[in-house]
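As structure tokens, the structure follows; a few thoughts come after it.
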């Protein structure tokens, strides 16, 4: 799907989210080919946690804070609800017994895929149609700043 230059950083992260959802689904279903994902439950939880640590929180915050003011009340409500549910499911997956973790990871992967597809197919086109280009440029500039800061935070510090 063609995406405006201003929202491409978020769309790029959506591609990563879809890959994680795919890997989790394959791994949880016991498929032989898991697209590089682990096959055991602790490994799958670890995969989801790495995604959470690397992208989920910064991505959801950026969407809510930078796009939120340009959304309808219904769009913002759904966005925040689904982001909250993704974070809640991750907490259950990380701390639950095996059956709870498996169920939470399954629900997380399903919701992550549905959520990204909603944003890409409905939410972003709506924003691109309704929001002035100058406002989208401001969103992009702030996204780029956040991406740089997030990458700096993830780099291991050098100790001599």
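Computed from the coordinates by the stated procedures, all read-outs in this text should not be read as laboratory data. Quick caveat: nothing in here was measured; it's all calculated off a predicted structure.
The long axis of helix 133-154 is offset from the longest Cα principal axis of the chain by roughly 40 degrees. Return one number: the angle in degrees, 0 to 90 and rounded to the nearest 10, between the long axis of the Cα atoms of helix 8-29 and the longest principal axis of the Cα atoms of the chain. Compared with the principal axis, the helix lies near 20 degrees.
Compared with the dominant principal axis of the Cα atoms in the chain, helix 98-118 is inclined by about 30°. Once the mean of 1/r is taken over each pair of separate Cα atoms and inverted, the chain shows a Kirkwood hydrodynamic radius of 16.7 Å.
Take every pair of alpha-carbon atoms less than 8 Å apart whose residues are at least six positions apart; their mean separation over the length of segment 5-150 yields a relative contact order of 34 percent.
Suppose only helical runs count, i.e. DSSP H with n ≥ 4. What mean residue ellipticity at 222 nm does that imply for the chain under -39500 (n - 2.57) per run, divided by all residues and rounded to the nearest 500 deg cm²/dmol?
Calculated from helices alone, the mean residue ellipticity at 222 nm is -23000 deg cm²/dmol.
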